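The values are calculated or read from the model by the stated rules, or taken from the named source; none is laboratory data. Not measured: the values here are computed from a predicted model. Please note: Cβ atoms are built from the backbone with ideal geometry, for glycine as well, and neighbour counts cover all protein chains shown.
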Amino acid sequence: MTHQLFLIIGEYGVVIVFINVLVDQLGIPVPAVPTLVVAGAIAANGQMPLVSLFLGSVLACLIADCGWYLIGQLYGIRVLKVLCRISLEPDSCVSQTQTRFERWGINSLVIAKFIPGLAIIAPPLAGAMRIGWLRFLGLSTASALLWVGSALIAGMLFRTQIETLLIHIDDIGSMAAVILGAALLAYVAYKWWERMRFYRSLRMARIDVGELYDLIQAGAQPVIVDVRSATARALEPTWIPGSLHVPLEDVAKHVKDLPHDRDIVLYCACPSEASAARVARILMNHGFKKVRPLHGGLEAWLAAGYAVVGVTASQK
């Protein structure tokens, strides 16, 4: 049976790995790294063409990345919001990805595939930022070469151990498929549980856009804080009149400048007001009492038809 398994892998392995890598890079939670490592071990023994395996895997990465780049170019920040809404890693989603881009520059695309959360968000973000196809292809290719190459080399280095593992898997027959399937389901379930726990941590009283508008009209002078990253503001150059721009990562620097005796309303453009709620937690820990995220964020303010500063999507 083991001999037959290796024959099948040798004949169809490149196609199997190509599909797995493509699916993984499209954002479906079917990890490709284990497959690449095993494939590297098999290729090291001459039972799979290493060059075809390497080039096919890199091509799968580029197909997925180019697709995401094009979507980001066409739909801008809207696709990032959708990705963050469905992401299994909401705490490392759009805002942290944008922060990394600002800190490391667009060259962070080269290491994007090694960082959870950044791998899927980076290509459409690059498209939304319109960095240019030629530059994107160069960086994306470098990233794919590094990511695929490191996984294949790891498999080649540990080929003896991996062969032994495959033989043991073969010995337990169909039970191996059940174990692997259960492991995959457990991984997705764990990530989903983490997602739910993250959103539960953000539960707190919100203020809706109507209440905020009434406060402004009544002369209460609430302090309105835009916690979006600089990249997010550049992609969506619209903000509530009079709002201060204090990105999530800079909150600690500005705590001393915020008044304790006025309402502080925080807004962002992310699902469930995640960034705004996180900033609210930070301010509460510093003794602020009258702090609330804006329910629905900037999107809800725009939908209500209230005035904004900057350029709205309808004006572009």
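Determine whether segment 192-210 contains at least one residue that is modelled with pLDDT of 85 or more, assigned to a helix (DSSP H, G or I), among the acidic types (Asp, Glu) and in contact with a strand residue (DSSP E or B) (Cβ under 9 Å, 6 or more places away or on another chain). First the steps, then the outcome.
Of the residues in segment 192-210, the ones modelled with pLDDT of 85 or more are 206-210.
From the residues that got through so far, the ones that are assigned to a helix (DSSP H, G or I) too are 209-210.
Add one more test, that the residue is among the acidic types (Asp, Glu), and what stays is none.
No, segment 192-210 has no match at all.
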Residues satisfying the stated conditions in segment 231-255, i.e. surrounded by fewer than 14 Cβ atoms within 10 Å (Cβ to Cβ) and aliphatic (A, V, I, L, M): Ala252
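Conditions (1) of a type in the set (Val, Ile, Thr); (2) more than 14 Å from Tyr213 (Cα to Cα); (3) more than 26 Å from the chain's Cα centre (by Cα), marked per residue:
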{"site": "Pro237", "(1), (2), (3)": "no, yes, no"}
{"site": "Lys256", "(1), (2), (3)": "no, yes, yes"}
{"site": "Asp261", "(1), (2), (3)": "no, yes, yes"}
{"site": "Val291", "(1), (2), (3)": "yes, yes, yes"}
Counting residues that are at pLDDT below 80 and crowded, with 18+ Cβ neighbours inside 10 Å, which helices (runs of 4 or more DSSP H) fully inside segment 24-139 reach at least 1? 77-86, 94-104, 118-129
Given the condition within 28 Å of Ile42 (Cα to Cα), assigned to a loop (DSSP other than H, G, I, E, B) and modelled with pLDDT under 70, answer yes or no: does some residue in segment 152-171 qualify? no
Given (1) among the charged types (D, E, K, R); (2) in a loop (DSSP other than H, G, I, E, B); (3) in contact with a Gly (Cβ under 9 Å, 6 or more places away or on another chain), identify the lone condition not met by Arg233. (2)
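Let's see how each residue does on (1) of a type in the set (Val, Ile, Thr); (2) assigned to a loop (DSSP other than H, G, I, E, B):
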{"position": "Ile216", "(1), (2)": "yes, no"}
{"position": "Pro241", "(1), (2)": "no, yes"}
{"position": "Lys256", "(1), (2)": "no, no"}
{"position": "Pro259", "(1), (2)": "no, yes"}
{"position": "Leu283", "(1), (2)": "no, no"}
{"position": "Gly287", "(1), (2)": "no, yes"}
{"position": "Ala300", "(1), (2)": "no, no"}
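Quick one: how many residues across segment 214-243 are under 29 Å from Val79 (Cβ atoms) and not basic (Lys, Arg)?
First, pick out the residues of segment 214-243 that are under 29 Å from Val79 (Cβ atoms): 224-241, 243.
Then keep just the ones that are not basic (Lys, Arg); that gives 224-227, 229-232, 234-241, 243.
Final tally of qualifying residues: 17.
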